[in-house]
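The structure appears below as structure tokens.
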Amino acid sequence: MTRASLPMPRPSIGWTAADSRGSPPLPRDHEPSVEPIIVNRPQSTDIPSQPEAVQLAFFDTVLGSAVRAEGCAGAIERHLDLAGTLIRVVYAGEGLCSAFSPALAHLEVDPVRSPDVSFHVWDSALAGVAMPLPPFPRHCLTDRGDIWGMNSRRIRSAFHWSESSVNLMDLERGIGIYWVQDQKLLPYWCHASPLRTLFHWWMTHNGLQLLHAAAVGDEHGALLVTGKGGVGKSTTALACLTGGMRYLADDYLVVGFDPEPRVYSLYATAKMEPSQLERFPEFEPLLTNRPYLDAEKAVVQLWPAYRDRLVRSMPLKALATPRFAGEGNTSFGRVSTIVLQRAAAFTTLSQLPHSGHCNYVFIARLASRLPGLEIALGWDLATIPAAIRDLLRLPSEDLAALALPSAPPQDQASRPLISVVIPIYNGAAFLREAVANVLAQNYPAVEIIVVDDGSTDAIDEAVAQLPVDVRFFRQANSGAAAARNRGIKDTSGEFIAFLDVDDLWPDGNLVLLTDLLGGRPDLDFIHGYAQLMVYNDATCAFEYVGNPRESFPYYIGAGLYRRRAFEAIGLFDTELRFAEDTDWFNRAAEQQLPSERLDMVTLHVRRHDANMTAGKSMVELNALRVFKKALDRRRAAAYPDQSEGR
């Protein structure tokens with residue numbers, strides 16, 4: 001059996017052959033039936049804008065291929081009961097059915113009514129039916145899975161590099177599609193948590209939320225345990241399972257309000273570091289990937305061996321984030337609601353395509369409804385279930401008294417999610433302060449995206465030492481424009497802000513700009529002035545210098561932007577190593593994008609020898625190139641017939 005044991009490199013597969021260099025062509029009888037809609041802009045700023053009709057047509061084309069695959073390989077149906085919805089999964093042949101069904105076996109039911117949604121699951125290698133080519137070029141594929149320009153509210157679409165899978169869903173008709181080229185090449189986590197993106201979209205559509213979390217409980221209710229990887233979620237869940245408690249999940253689960261908070265089991269599997277098997281020897285016989293433990297986490301199939309302890313649903317009593325205590329006993333302590341909220345939201349927003357404001361609001365509501373605690377995990381595993389049992393048997397009022405008061409979710413619900421993009425090149429020394437500046441804004445709904453543009457300094461160490469999770473992407477050195485573009489395409493927020501790693505925002509800047517832009521739905525962005533600062537050796541501090549009104553007018557970090565601004569104007573021009581911000585504002589002005597200049601300082605720019613623009617001439621800073629690009633656009637608009645053939 002062939003198996004992909006490590007995160008696979010970005011593939012050169014037929015489906016991404018819209019940019020076909022190095023990719024094998026698909027058979028002629030599977031050419032795309034939908035032509036790509038490409039806006040006539042320079043290649044460096046191209047963004048395909050796909051009308052919903054194009055997205056729907058592509059979905060129908062793929063659905064037709066899925067149905068043909070089922071006819072060729074034989075359709076195998078399974079029905080799942082998840083959070084009160086009936087899901088029909090139709091596999092084209094035995095391959096993916098054998099790979100995915102074990103993790104979902106505890107949800108299987110005999111159907112007594114029509115399904116609420118149907119998932120069509122197929123692979124080309126088994127069925128002999130190719131995936132149609134997509135209506136967009138390769139550079140629209142993002143790290144999280146979203147496809148830039150495919151933003152229909154009805155049709156959901158994603159491409160996951162790590163497993164080379166296409167995921168589509170028509171929410172109106174209740175049809176989902178999952179495709180891979182060859183199921184034998186799927187990485188191990190797809191076997192442990194299959195069809196995650198389709199479940200995410202369907203649950204969100206039904207007012208529920210997929211979460212990266214663990215959950216365990218007893219007759220008194222359940223504890224939801226959330227946090228980034230490696231903090232102890234699986235240890236907590238598996239210690240409770242072996243300690244006789246009820247088990248719902250150690251990785252992904254579903255949460256809803258029914259009307260009180262309630263958790264639903266999604267997968268009958270568990271994952272752990274192979275070294276943890278020594279502490280949980282009872283799981284050895286249940287391993288599904290024993291030959292690959294040198295490169296993979298251990299995957300344990302819990303159903304049917306633990307069927308008496310696996311439960312489908314339980315009411316939630318509390319929310320906790322774990323840490324390893326370094327002592328024998330396990331105990332609970334207080335933690336702020338915002339820490340819990342960020343812990344629960346980070347992986348959800350970073351791994352699940354089309355996550356955004358509504359998902360953040362759901363998580364904020366959940367954090368406000370449940371007592372939130374920190375669980376300090378002792379090295380004595382027996383103390384973990386004992387401490388959780390003691391916690392769950394407390395009356396609700398006593399449990400609430402242990403936690404810090406929860407902030408009402410109204411403020412979070414009224415605040416749009418802001419994605420903060422921080423491009424960085426050899427600026428590791430500034431990163432911690434930049435992230436601290438974002439956190440000090442005290443804005444409740446923010447994600448931080450750091451894009452490393454080929455740094456040669458200690459950037460990995462700097463990211464590892466940050467006090468919060470960030471989404472961290474790397475690319476070969478390509479310039480600030482390419483780094484910002486990489487960040488933009490992976491944003492979750494309705495609003496986007498930029499902060500160069502050596503700059504800072506004034507106190508309260510994000511709240512102020514959000515209030516101003518949120519109150520003006522007609523505007524696509526707002527932009528203030530920058531205050532220059534220079535380092536004074538005598539005072540050992542940066543000090544203001546010059547008049548903000550006379551500073552460079554196009555600092556991108558001095559504004560707040562709606563996502564739609566970049567969909568309308570395009571991304572930054574990657575041909576420009578400098579002055580890409582001036583060029584973008586020029587294009588916005590030429591197309592009369594609605595905006596407003598604020599009569600206030602919204603950015604502090606710190607000048608120092610390491611600035612990328614330090615010592616550069618006007619030629620090096622692309623002043624003439626930006627002027628010529630603007631002139632070329634005016635000529636093209638005035639004389640379209642002459643410009644087309646150039």
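Nothing in this text is a laboratory measurement; each read-out follows from the coordinates by a stated rule. The shown structure was predicted, so the numbers you read here are calculated from the model rather than taken from an experiment. Cβ sites come from the backbone with ideal geometry, for glycine too, and all protein chains shown count toward neighbours.
Subtracting the Cα-Cα distance of residue 547 and residue 511 from their residue separation scaled by 0.36 nm leaves 10.5 nm. If you take the square roots of the eigenvalues of the alpha-carbon gyration tensor of region 272-372 and sort them as a ≥ b ≥ c, do you get rounded (a/c under 1.5), prolate (a/b over b/c) or oblate? Prolate is the answer for region 272-372, as a/c is 1.5 or above and a/b outweighs b/c. Between 0 and 90 degrees, the angle of helix 357-369 with respect to the longest Cα principal axis of the chain falls at about 50 degrees. Local charge for residue 478 was computed over the other residues whose Cβ lies under 15 Å away, with Lys and Arg +1 and Asp and Glu -1, and equals 0.
Would you work out if region 415-637 is rounded, prolate or oblate? Take a ≥ b ≥ c from the square roots of the eigenvalues of the alpha-carbon gyration tensor; rounded if a/c is under 1.5, else prolate when a/b is larger than b/c, oblate otherwise.
rounded
Sequence-ordered 3J(HN,Hα) estimates for region 94-111 from the Karplus curve with 6.51, -1.76 and 1.60 and θ = phi - 60° stand at 7, x, 5, 5, 5, 6, 9, 4, x, 5, 10, 4, 6, 9, 5, 9, 7, x Hz, glycine and proline given as x. Note on residue 382/residue 596: beta-carbon distance plugged into 1/(1 + (r/R0)^6) with R0 of 56 Å gives a FRET efficiency of 0.35.
Against the empirical curve 2.2 N^0.38 Å, the C-alpha radius of gyration of region 209-410 lands at a ratio of 0.97.
Across all directions, the average flat footprint of the convex hull enclosing the Cα atoms of region 463-594 is 10.1 nm². Per-residue extension of 0.36 nm, minus the Cα-Cα distance of residue 537 and residue 52, leaves a gain of 168.8 nm for this segment. Residues in region 141-147 carry Karplus couplings, in order, of 7, 10, 5, 6, x, 4, 10 Hz; the curve used is 6.51 cos²θ - 1.76 cosθ + 1.60 with θ = phi - 60°, and Gly or Pro positions show x. For the pair residue 307 and residue 474, a Förster radius of 56 Å applied to the C-beta separation gives a FRET efficiency near 0.80, rounded to the nearest 0.05. Between residue 402 and residue 284, the C-beta separation translates, for a Förster distance of 56 Å, into a calculated FRET efficiency of about 0.90.
Take the alpha carbon gyration tensor of the chain, find the square roots of its eigenvalues, order them as a ≥ b ≥ c, and report rounded if a/c is under 1.5; if not, report prolate when a/b exceeds b/c, else oblate. Don't skip to the end; give the middle numbers.
Numbers: a/c = 1.96, a/b = 1.27, b/c = 1.54.
The shape class here is oblate.
Taking the inverse of the mean reciprocal distance over all distinct Cα pairs, the Kirkwood hydrodynamic radius of region 43-103 comes to 14.3 Å. Distance between the 7 Å Cα→Cβ label points at residue 390 and residue 273: 2.7 nm.
Whole-Å semi-axes of region 413-522's equivalent ellipsoid, largest first, each the root of 5 times a Cα gyration tensor eigenvalue?
Numbers: eigenvalues 119, 46, 25 Å².
Each semi-axis is the square root of five times an eigenvalue, giving 24, 15, 11 Å.
Each label point was placed 7 Å from the Cα along the Cα-to-Cβ direction; for residue 114 and residue 72 their separation is 3.0 nm.
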